[in-house]
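I have placed the structure first, in the form of structure tokens, so that the comments after it can refer back to it.
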Amino acid sequence: GSAKLTLDPAFEVGPVERRLFGSFVEHMGRCVYTGVFEPGHPEADGDGLRRDVIELTREMGVTAVRYPGGNFVSNYDWEDGVGPSADRPTRLDLAWRQIETNAFGLGEFMTWLREVDAEPVMAVNLGTRGVRAARDLLEYTNFPGGTRWSDLRIKHGTREPYGIKVWCLGNEMDGPWQIGGKTAEEYGRLALETAKAMRRVDPSIELVACGSSNPHMPTFGSWEATVLEHCYDQVDYISTHAYYDAVGGDRASFLASAVQMERQIHDVISTADHVAAKLGSRKRLKLSFDEWNVWSQSLFGGEQSLDWEQAPRIIEEDYDVAGAAVVGSLLITLLNNADRVGIACQAQLANVIAPIRTEPGGPAWRQTIFHPFALTAAHARGRVLRVQATAPNMPTEEFGEVPVLAAAATLDDERRLSVFAVNRGDEPLPLEIDLRGLPRGTDISHITVADADTAARNTEREPRRVEPRALDGAVIDGDRLKAVLPPISFNVLKAQ
Ligand code: AHR
């Protein structure tokens, strides 16, 4: 079979929100320690930041970074991570049963962020702490000076406020695993009161309320409704998280993971809009999809399997070509919902379920999933166009019949077209794109992430086994762009 896309510049979803290309740095495993931060590493700068990881993060095109957790934040005292490092306490991190030295904290993170040229998405602890610690932290980061916490920042060497805009009101507060987890009623009230206090300190901030930890939670849907009935007027985003398991079920369902993401986006948005209707509010929330990725979670032994180490090797997932195709289809889904998804963070950045891998004292390299992210962040510019697609179906255990093609398209201000397309099928897929009112320049390019061996991976010994390649054969024929997508592949087609 073959697939067909119809694109028309008159039909668009909305602007490409740059915050869709976010990532996530948690104090977990080796994401921070020996990931982004490793004093004494040959590549480390004067602040202990690994320059090789900074370069790769820039190359990926990461625009926003969520920090410091994740489950970690729910037992974290932010004050431990500021000021002279010699004075910082070593603590027990209850989320991942790790020893936390606090050698890396807010100041180091903000210095790193400047180097990678991205904005922070900062989370506050609403597990073991609450309103007070959140407003104090905001005073430390955003208040100009002349008060206890802002003067402490200045004493710590940062005269200008950090001006952090986006704040997450806790993390996965519905999870029984969360330290200080809450019922929807308890959390809804706490989110409201924390938001109120934080907005008094700085009215210009944007706030994210915690939605469900995943769509399989027993309270999915009702959690969002109850929480938002309390805090709707005070927040701008509702969060949602999802991980797609490469080993849990049948392969076809894994390749079709984006179907699940699409449903989840619609379910959470509908719930938020339902609350708006109930409250008689014209305001509309956006979604912060602030944790998403492929993660073979069924292989993880749980927090109890971990044992008080410092920077342990936790969930260092190895990604293959099929995983890259799935990540590509998830990015496509985020783009196609750009009218309602305002922030998205792939979890995580380094080592822990991550596109970037490092060895302590050794090299850093790109996993397969690095490539669809980097290509999409680089080429998705301007406005997202609505795609009308027809494609052959493939059977999946979880979702029934699913089209083999996932596609999104963007058109930039110079009328350059980028089409992002995943072939989920095991056969090459001929694709025809009806360009209608779009430019039909002759400058066509086709880049693919594919391999005859769909289980191929990048490793320390073979870090460039899987890389994007240019393909010949894409042509303009009348008002159509024609190309063939390799089996299990992520593709970018450009026309100008
Ligand atoms: O990203 C790993 C963990 O997954 C995060 O700490 C948590 O928020 C989620 O359950």
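For the reader, a short list of remarks on this structure follows.
- Antiparallel bridges, percent of DSSP beta bridges restricted to the chain (to nearest 5): 60 percent
- Potential lengthening between Arg313 and Asp77 on full extension [0.36 nm per residue; Cα-Cα distance subtracted]: 82.6 nm
- Of Trp295, Trp308, the sequence from fewest to most neighbouring Cβ atoms within 10 angstrom is Trp308, Trp295.
- Among Ile314, Ile99, Ile433, Ile179, sorting on how many other beta-carbon atoms sit within 10 Å of each Cβ, with the fewest leading, yields Ile99, Ile179, Ile314, Ile433.
- Gain upon complete extension [Asp479, Arg461; 0.36 nm per residue less C-alpha separation]: 1.9 nm
- Lysine pair count for the chain with Cα-Cα distance under 18 Å and sequence separation of 8 or more or different chains is 7.
- Annotation: the antiparallel percentage among DSSP beta bridges lying fully within region 27-139 is about 50.
- Report note on the peptides 230-236, 118-124: ranked by the mean count of other C-beta atoms within 10 Å, highest first, their order is 118-124, 230-236.
- Sites matching trypsin sites (Lys or Arg not before Pro) across region 289-365 that sit in DSSP coil, with at most 15 neighbouring C-beta atoms within 10 Å: Arg313
- Couplings for region 352-363, taken from phi via the Karplus curve 6.51 cos²θ - 1.76 cosθ + 1.60 with θ = phi - 60°, read 7, 5, 9, x, 10, 10, 9, 10, x, x, x, x Hz in order; Gly and Pro are left as x.
- The helix-only estimate of mean residue ellipticity at 222 nm for the chain, built from DSSP H runs of length n ≥ 4 each weighted as -39500 (n - 2.57), is -7500 deg cm²/dmol after division by the residue total.
- On the beta carbon distance between Thr90 and Asp413, with R0 = 41 Å, the FRET formula returns roughly 0.20.
- For the pair Glu397 and Arg381, the difference between a 0.36 nm per residue extended length and the Cα-Cα distance amounts to 2.2 nm.
Since every read-out is calculated from the coordinates, none of them should be taken as a lab result. Since this is a predicted model, take the numbers as computed values, not measurements. Backbone-built Cβ (ideal geometry, glycine too); neighbour counts: all protein chains shown.
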